[in-house]
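What follows is a short report on a single structure.
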Amino acid sequence: MRNILLFTISLIFLSACSAHRAALQSSVQPADVNRIISTLAADDMEGRAIFSPGIQKAADFIASEFKSARLSFLSNDTSFLQTFGVCRTTLTSLEVQINGEDIAEGRLVMSSTKPGINWNDNPEINIIAVNAGEDLLATYRKLSQSENDYLIKVDESLAEQFKRLRSYLSRPKLEPEGKGKSSPTLAFVLGGEDIKSFRVNFSQGQEELPLFNVVGVLPGKSKPNEFIVFSAHYDHLGIVKPVGQDSIANGADDDASGVTAVISLAKAYAKQKNNERSLIFAAFTAEESGGFGSQYFSKQLDPDSVIAMVNIEMIGKDSKFGPNTVYITGFERSNLGTLMQKRVEGTGFSFHADPYPEQNLFYRSDNATLAAQGVPAHSFSTVQIDKDEYYHTVKDELETLDINNIISTIRAIELGARGLINGEDTPTRIPKLENGRNR
């Protein structure tokens, strides 16, 4: 009996060690991980804002890493840079009078893609009020889907919501190049008397500008027309309002950490040379400006051919569940997380459901467009989004991150996705959204 017990314990021990070694035998190299993220989060990248020299430098670096991994170009592309155009609209002048009185600049904000308007008691303009206790941001989202123009009076008690909306809408607006349908014009006015008469004049400048994703492919051996996508966004906020002597929002966690994972996974799988399905590695642009990079990328693929998407977003610190854990947004929408969890059993890694459902993270990142088309597309993250004081600040720097957490997360994803890449695991599909992306 004693010998049987010892034999059983030995088997359990050897099994655990074997599984642990499977995780440790990853070809992901810590020194290379540190080199990649140090490069992407460096000051000379200038925070990787769209249209900046810094983001061009970042794109060239990512492309060079894909080249060193000997990836192929996507489809008929002639380089790793997937270029597309957007129209940038910038406000040049604005004048608003309500009941004959000029409205101060800080108490109004416009949302429009038109080059200009001239409202002068136009009866076709809808006038509504957002009253105390109502949700101004929800009203904006609803009206922005309308075909009508609105003049909106906002109750003074909603000043904080108005401030957030104004901060968002005051930035230059981007629209896909050649977009057919124009958005409605919405004029928000904070406080004041009921609107009896009005005059609204404004003009905007418009210019066509290029953006570019960085995309590489590792062709599949037996199932080349089935795709697994590994992605992250490489843009960030760029140069922002200084805090002390620092004005560069480096975006080390958001999302240089995710891009580092994508590059590292590309190198690891390329060395293994055993992927039956085709693997796409994508670094998206303009996630911080509305997800334009991932939206364009999604249009280049047949969503039915995409088996799964692993989008990696902010993995530089321990998650709420502790070290060696990752949470998956929309975990319950497909069984992708369950399949990946089975692959890491016994290694000390674990995948969890999103602990922040109130944040609506599932539709706030680059997985959203393909998820809306039925793809099991999820974001993998460790950020404690409810209390991360460095998020979207100049303090999101390399020194604030735990490189070991990044490495363990990359290795967990590498191991967890092996059933996907060798064709053994096929996750369930996500129900399609009829109206596309719904953030």
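The values are calculated or read from the model by the stated rules, or taken from the named source; none is laboratory data. All figures in this text were calculated on a predicted structure; none of them were measured in a lab. Every residue, glycine among them, receives a Cβ derived from its backbone with ideal geometry; neighbour counts consider all protein chains shown.
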So, first residue over 17 Å from GLY316 (Cα atoms) and surrounded by fewer than 24 Cβ atoms within 10 Å (Cβ to Cβ) in the range 408-422, second residue modelled with pLDDT under 95 and among the aliphatic types (A, V, I, L, M), Cβ within less than 9 Å, six or more apart or across chains; the pairs are LEU415/ALA22; LEU415/ALA23
If we keep only residues of the range 19-49 that are hydroxyl-bearing (Ser, Thr, Tyr) and at pLDDT 95 or above, then the residue farthest from THR285 (Cα to Cα) is SER38
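Condition test on LYS342, is it part of a loop (DSSP other than H, G, I, E, B) and not polar (S, T, N, Q)?
Numbers: part of a loop (DSSP other than H, G, I, E, B): no; not polar (S, T, N, Q): yes.
In short, no.
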Any residue at all in the range 175-183 that's within 25 Å of the chain's Cα centre (by Cα) and assigned to a strand (DSSP E or B)? yes
Inside the range 428-439, the number of residues satisfying the requirement of being at pLDDT 95 or above and surrounded by fewer than 21 Cβ atoms within 10 Å (Cβ to Cβ) is 2
Checklist entry - Looking at this structure, is TYR363 surrounded by fewer than 24 Cβ atoms within 10 Å (Cβ to Cβ), assigned by TED's automatic domain parsing to the domain that holds ILE403, under 17 Å from the mean Cα position of the chain (by Cα) and within 22 Å of ASP402 (Cβ to Cβ)? => result no
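Can you spot a residue in the range 191-201 that is more than 23 Å from the chain's Cα centre (by Cα), crowded, with 19+ Cβ neighbours inside 10 Å and touching a residue at least 60 places away in the same chain (Cβ under 8 Å)?
Just the residues of the range 191-201 that are more than 23 Å from the chain's Cα centre (by Cα), to begin with: 191-201.
After this cut, where a residue has to be crowded, with 19+ Cβ neighbours inside 10 Å as well, the list is 198, 200.
Then drop every residue that is not touching a residue at least 60 places away in the same chain (Cβ under 8 Å), which leaves 198, 200.
Yes, there is a match, as at least one residue in the range 191-201 is more than 23 Å from the chain's Cα centre (by Cα), crowded, with 19+ Cβ neighbours inside 10 Å and touching a residue at least 60 places away in the same chain (Cβ under 8 Å).
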The residue that is nearest to the chain's Cα centre (by Cα), considering only those in the range 88-144 that are closer than 26 Å to LEU209 by Cα and part of a loop (DSSP other than H, G, I, E, B), is SER144
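So that you can scan it fast, the table gives a plain yes or no per residue for (1) more than 23 Å from LEU74 (Cα to Cα); (2) more than 17 Å from the chain's Cα centre (by Cα):
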| position | (1), (2) |
| --- | --- |
| GLY293 | no, no |
| SER305 | no, yes |
| VAL310 | no, no |
| ASN324 | yes, yes |
| GLU358 | yes, yes |
| PHE380 | yes, no |
If you go through LYS142, LYS153, the only one that is among the basic types (Lys, Arg) and loosely packed, with under 14 Cβ neighbours inside 10 Å is LYS142
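Looking only at the range 50-64, decide whether some residue is of a type in the set (A, V, I, L, M, F, W, C), at pLDDT below 95 and within 19 Å of GLY216 (Cα to Cα).
Initial filter on the range 50-64 (of a type in the set (A, V, I, L, M, F, W, C)): 50-51, 55, 58-59, 61-63.
After this cut, where a residue has to be at pLDDT below 95 as well, the list is none.
Among the residues of the range 50-64, not one is of a type in the set (A, V, I, L, M, F, W, C), at pLDDT below 95 and within 19 Å of GLY216 (Cα to Cα), which makes the answer no.
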Checking VAL375, VAL394, VAL383 in turn, the sole residue that is modelled with pLDDT of 95 or more, among the β-branched types (Val, Ile, Thr), over 30 Å from VAL240 (Cβ atoms) and part of a loop (DSSP other than H, G, I, E, B) turns out to be VAL375
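In the list ALA256, ALA232, ALA252, which residue meets the criterion of being small (Gly, Ala, Ser) and closer than 17 Å to GLU414 by Cβ? Before the answer, list the steps.
Working: ALA256 fails: closer than 17 Å to GLU414 by Cβ; ALA252 fails: closer than 17 Å to GLU414 by Cβ.
Exactly one residue qualifies, and that residue is ALA232.
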Going through the range 223-260 in order, the residues found to be farther than 16 Å from GLY47 by Cα and modelled with pLDDT of 95 or more are LYS223, PRO224, ASN225, GLU226, PHE227, ILE228, VAL229, PHE230, SER231
